[in-house]
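This report refers to the structure that appears directly beneath it.
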Amino acid sequence: MGAYLNPGKDAFEEAVNSEIFVDKTGMIQYLNLVVKTKQKYVIVSRPRRFGKTMAADMICAYYDREADSHELFQQSGLADTLPVKRGEKELAWDAFLGQFDVIRIVMTDFMEDCETVNDMLSCLTDEVAAELMNGYPDIHYGNRIKLHTVMNEIYAKTKRQFVIVIDEWDAVFRVWKDDIKGQTKYLDFLRNLLKDKAYIALAYMTGILPIKKYGEHSALNMFTEYSMMLPRQLAPYTGFTEEEVMELCKQYNMEYKDISDWYDGYVISDRIPTDERESYRKGDYHGHKISIYSPLSVVESMTTGQIRNYWNRTETYEALAEYIRKDYDGLRDAVALLMDGGKLRIDTSTYQNDMTTFHGKDDILSLLVHLGYLGYDDAASEVFIPNREILDEFKSSTKSAEWTEIFKAYEESAMLLKATWNRQQNEVAELVEKAHNKADNKTYNDEAALSYAIRLAYYAAQKYYTILPETDTGKGYADLILIPAPKYSDKPALVIELKYNKDADGAVAQIRRQAYPDRLEHYKGNILLVGINYDREAANDSPEFKHHTCVIEEA
């Protein structure tokens, strides 16, 4: 047993012997389906404390030819699984048990005493290659020692393939955030080590971030990513499942509802079975959705008997605060909405999978999903704060004075929405006027800018509505239409019309003339028409200066 070559089963055996061990060995059954196939490149990205290292230890113990792990896995859930079909063959649970040389690399181990990526790669090559050459001393390796050439020589002489397990693979991007050249060299190193190499039976990497995007192509495009946004067939192994947590609650005499309130909320998607895909397309199948929990938090609550925030045991709230302080594209307003229990639709396609390249709030919110601070609904492309534990982190991260005005504005937006529902016309006019006064003065002279200011005033409505600005109604355009989310179907649909130098009654009349509610046939009987007007011609010393009026009627 070596430090890197065939590290054995001790680490996994420690996990099995721990007070709480949730058996995730069924994951091996899936990995056996991809071993020695074109899908043999697996990268798993999850937040800290979600069991990545334990899974890596398990993989090493299973495939290591020197580990003698048959008895260990014979007693596990893996041994109870039925054979899985791969092509014409059926694979028993132990089909690849102890069949390979395993190389285990933890990237952070090589970064502690290195100041650059080059130094780290040199250190890694020297140490791992030396152990391989000591393990196979009778092979001639030549004068130019590189890790991939050493592995290739061993395979050429022995025909013995490797399972390579790399933990914390993305640490380079987290520690050397700004070293773009170093990051590129690191990706090229991994590509040369792994891609299209006959000596690889399985390459398994774990980290927090998915594969870094740079240029038009990724150096590691042979990998299949299993992330918090798309865990694929590894979804049940991403964290503790509902059933597993219920069983622990029984064992430790804990109330499941309390545990669920604090630690549940991450909803991820498993593979949709072939025979259910037609039902899924019709909207009748939802069995692929899995609710998962942070393993560390659940284990801590079970062993201590106390339900509290265990998240900052491994990271302080500053890790979150660092990102949400960046007020990209209204990020702080978005955080206020999320903390109020709202969901926010985001575009994840521009996120570069690093911790420095941000083009707007959606990129930061995408990063927070991978860090575990947000849940992600892949069907709706929406993010949300998953549970009370994470909400505590957000509360801690937003205590500074810079957040006071943000929360005040959000509270006023929520008051505006409530006043609209209650048809409190004067209060709506006052709150809209207050929000408008905070906007740039140019919004008083430009209709599009005014519309934007009103959308900001109704920001809190995103918790309950899909907001459609400048909506074509067939006979004209409505400035704003708010469609209730399915979860809040009891709320009225809102049609909002804005006017300059006219009157709010005229705005509502225009709504009726244009037959705007016809587009909202589904909400008939539960639609409010909101007309808002202000007189931009009034002199700035007049009581009517920037004064707003409002009329609210049922459709």
- Item | Check on Met339, within 28 Å of Trp169 (Cα to Cα) and among the hydrophobic types (A, V, I, L, M, F, W, C) | no
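Restricting attention to the range 58-75, which residues are out of contact with any Gly (no Cβ under 9 Å at 6 or more places or on another chain) and either over 17 Å from Asn17 (Cβ atoms) or assigned to a loop (DSSP other than H, G, I, E, B) (or both)? Spell out how you get there, then give the answer.
Of the residues in the range 58-75, the ones out of contact with any Gly (no Cβ under 9 Å at 6 or more places or on another chain) are 58-59, 71-75.
Selection gives Ile59, Gln75.
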- Which numbered condition Met228 fails, given (1) touching a His at 6+ places or on another chain (Cβ under 9 Å); (2) outside any loop (DSSP other than H, G, I, E, B); (3) over 22 Å from Thr37 (Cβ atoms): (2)
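Quick one: is Thr116 touching a helix residue (DSSP H, G or I) at 6+ places or on another chain (Cβ under 9 Å), under 30 Å from Trp176 (Cβ atoms) and surrounded by fewer than 16 Cβ atoms within 10 Å (Cβ to Cβ)? Before the answer, list the steps.
Working: touching a helix residue (DSSP H, G or I) at 6+ places or on another chain (Cβ under 9 Å): yes; under 30 Å from Trp176 (Cβ atoms): yes; surrounded by fewer than 16 Cβ atoms within 10 Å (Cβ to Cβ): yes.
Taking the combined requirement at face value, the residue satisfies it.
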- Item | Among the candidates Glu433, Glu412, Glu405, residue that is in contact with a Lys or Arg (Cβ under 8 Å, 6 or more places away or on another chain) and more than 16 Å from Ile532 (Cα to Cα) | Glu412
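Could you say which residue among Tyr351, Tyr373 is within 23 Å of Val44 (Cα to Cα), at pLDDT 90 or above and within 15 Å of the chain's Cα centre (by Cα)? Step through it out loud before you land on a result.
Working: Tyr351 fails: at pLDDT 90 or above.
Checking each option against the conditions leaves just Tyr373.
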- Query: Within the range 136-157, can one find any residue that is more than 33 Å from the chain's Cα centre (by Cα) and touching a residue at least 60 places away in the same chain (Cβ under 8 Å)?
  - Reply: no
- Message: For the range 268-284, check the following and say yes or no: at least one residue is crowded, with 21+ Cβ neighbours inside 10 Å, closer than 21 Å to Ser45 by Cβ and of a type outside the set (D, E, K, R).
- Response: yes
- Item | Test: residue in the range 416-435 that is surrounded by fewer than 18 Cβ atoms within 10 Å (Cβ to Cβ), modelled with pLDDT of 90 or more and aliphatic (A, V, I, L, M) | no
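In this structure, does Thr404 turn out to be surrounded by fewer than 18 Cβ atoms within 10 Å (Cβ to Cβ), assigned to a loop (DSSP other than H, G, I, E, B) and either touching a Gly at 6+ places or on another chain (Cβ under 8 Å) or of a type in the set (Ser, Thr, Tyr) (or both)?
Numbers: surrounded by fewer than 18 Cβ atoms within 10 Å (Cβ to Cβ): yes; assigned to a loop (DSSP other than H, G, I, E, B): no; either touching a Gly at 6+ places or on another chain (Cβ under 8 Å) or of a type in the set (Ser, Thr, Tyr) (or both): yes.
It is false that Thr404 is surrounded by fewer than 18 Cβ atoms within 10 Å (Cβ to Cβ), assigned to a loop (DSSP other than H, G, I, E, B) and either touching a Gly at 6+ places or on another chain (Cβ under 8 Å) or of a type in the set (Ser, Thr, Tyr) (or both).
The values are calculated or read from the model by the stated rules, or taken from the named source; none is laboratory data. As the structure is a prediction and not an experimental result, all values here were calculated from the model. Every residue, glycine as well, gets a Cβ built from its backbone with ideal geometry; the counts of neighbours run over all protein chains shown.
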